[in-house]
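Input: a single structure, listed below in structure tokens.
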Amino acid sequence: MKLTLSLFLLVAVAASAQVDKITIVAGTPEDQALQAISNENDVQKRIAMLQDFVQKFASEPQAVAYGNSQLSQQYMEQGDTSKAMEFGEKALAAQPNNLEIIVSLTSVAQKANANDKIVDLAVRGATAFNGIAKHAKAEGMSDQQLADKIKTEQDPYRQSYDFLETSAINALSGETNEKQRMSDIERFQAAFPNSRFEEQVLQLAVYSLAQLKDPVRLASFSDKALAQNPNSIATLVLLAATFAEQPDAAGTNRAETYARKALDLSKTKPVEDPAKQKLYTGLAHSALGYCLLKQEKAAAAIPELKTATADLQGQKEQYSIALFRLGYAYAKSNQMTAAKTTLTEAAGIDGPYQQPARELLTRIASASRVSAKK
């Protein structure tokens, strides 16, 4: 692989102060050395020449950044992600706000499945990109002229920004440690304001905080999610399902409010995908039915949960949850035949509610025997 990172052989090049560019002046010793390296076809010889180049021009930050970035790419081509990361970090140390280096190093981090590193790099790149917008308005410049100037300077980097944003959201989704994910989410939100993935990020935050059992932050993030998009059915359904599982009455009340609003919106502003629409309404009915159960309103819960089971057919885990809740509601209402039928079906589905369904069936059977003896 030949040298590929963009290199500017300049008399002068204008660049934003917030984004670094590598500039090697044409005709200089550095330029001549790079021409010789570029002409070398043997990979191992080229790597050795690049290492010599970095050492020879160690006092020149531009040369150090370029040489190390090329070493990173060479090692990446060889499949050595550890070395690629090592030299990429050295390049980035020489030019901390170089978006090309950041993007290249992000690709290395993706190969290494280093989610935390991907988010680190995405945040760094977004900060540099957004820094372009921090121009002081020149005297006599209109707001529109300033906006046009910022857009003109950001446009060459827009593709890099989009790549980093997408890479970060994929890393957040792939992170299995909830505490780390929440830390990364907070940094993502600061670096990518008004992200095209904002709804997805907020949903990840709500899920993570529920897993961390942090009700105060969960409530705060929920309020923030709905403040940004109060009519998001997807977010309302997620919040309803999440708060329905909270043990306190306040959580149950929130869940009921969110579920009812999601169902109201589904009638007036349904989502475009019919399959998603059916899933969302099924989840909302399931959450609402569970809230009513927790409020000792089993009779009112039954129709909600019956609708949920109808809508959630084909959604194995969510269907089994709704089935168990429905069976429980039947039992609470002393409709034992319906309870047994429903719970028997739930007990036959692999998943987290299979064992609870079996246990409830055993309790119903024991209660029936005791009752018969009387």
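The values are calculated or read from the model by the stated rules, or taken from the named source; none is laboratory data. What you see is a predicted model; the values in this text were computed from it and never measured. No Cβ is skipped: glycine too gets one built from the backbone with ideal geometry, and neighbour counts run over all protein chains shown. Remember, those area values only see protein heavy atoms, side chains included, never the ligands or the DNA or RNA. Shrake-Rupley method; radii C 1.70, N 1.55, O 1.52, S 1.80 Å.
Observations on the structure shown:
- Spatial extent of the range 216-345: Rg and Dmax, with the Cα atoms as the point set, Å: 14.5, 46
- Counting only residues at least eight positions apart within a chain, or on another chain, the lysines with an alpha carbon under 17 Å from that of K332 are K294, K297, K306, K340.
- Accessible surface, the range 212-317, averaged per residue in Å² (probe 1.4 Å): 50
- Sparsely packed loop sites in the range 201-232 (the trypsin sites (Lys or Arg not before Pro) outside DSSP H, G, I, E and B with at most 10 other Cβ atoms within 10 Å) comprise K213.
- Of A299, A136, A241, the one that fluctuates the most in a GNM where the chain has Cα springs shorter than 10 Å: A136
- Probe 1.4 Å - accessible area at F243, Å² to nearest ten: 10
- Shape of the range 200-287, Cα gyration tensor, a/c cut at 1.5: prolate
- Equivalent ellipsoid dimensions for the chain as semi-axes, Å, which come from the Cα gyration tensor, largest first: 58, 25, 15
- For the range 202-253, the Kirkwood estimate of the hydrodynamic radius, built from every pair of different alpha carbons, is 10.8 Å.
- Förster-model FRET efficiency, 45 Å R0, A133 and K56, C-beta, rounded to 0.05: 0.70
- In the chain the longest region clear of GluC sites (Glu not before Pro) that are loop-assigned by DSSP and have at most 10 other C-beta atoms within 10 Å covers 1-138.
- When both the range 227-284 and the range 125-167 are represented by their alpha-carbon centers, they are found 37 Å apart.
- With all pairs of separate Cα atoms included, the range 37-85 yields a Kirkwood hydrodynamic radius of 10.8 Å.
- Projecting the Cα atoms of A240, L360, Q277 onto the charge dipole of the range 240-374, computed from C-beta unit charges around the Cα centre, puts L360 farthest toward the positive end.
- Rounded to the nearest 20 debye, the dipole size of the range 260-360 about its Cα centre is 280 debye, using +1 on the Cβ of Lys and Arg and -1 on the Cβ of Asp and Glu.
- Separation of the range 335-355 and the range 305-325, taken as the distance between their Cα centroids, equals 11 angstrom.
- Annotated for the range 51-174: lysine pairs at least 8 residues apart or interchain, Cα distance under 22 Å, count 10.
- Kirkwood hydrodynamic radius computed over the range 112-257 comes to 16.9 Å, based on all pairs of distinct alpha carbons.
- At the listed q of 0.11 Å⁻¹, the Debye profile of the range 63-164, built from one uniform point per Cα, gives log10 I(q)/I(0) equal to -0.39.
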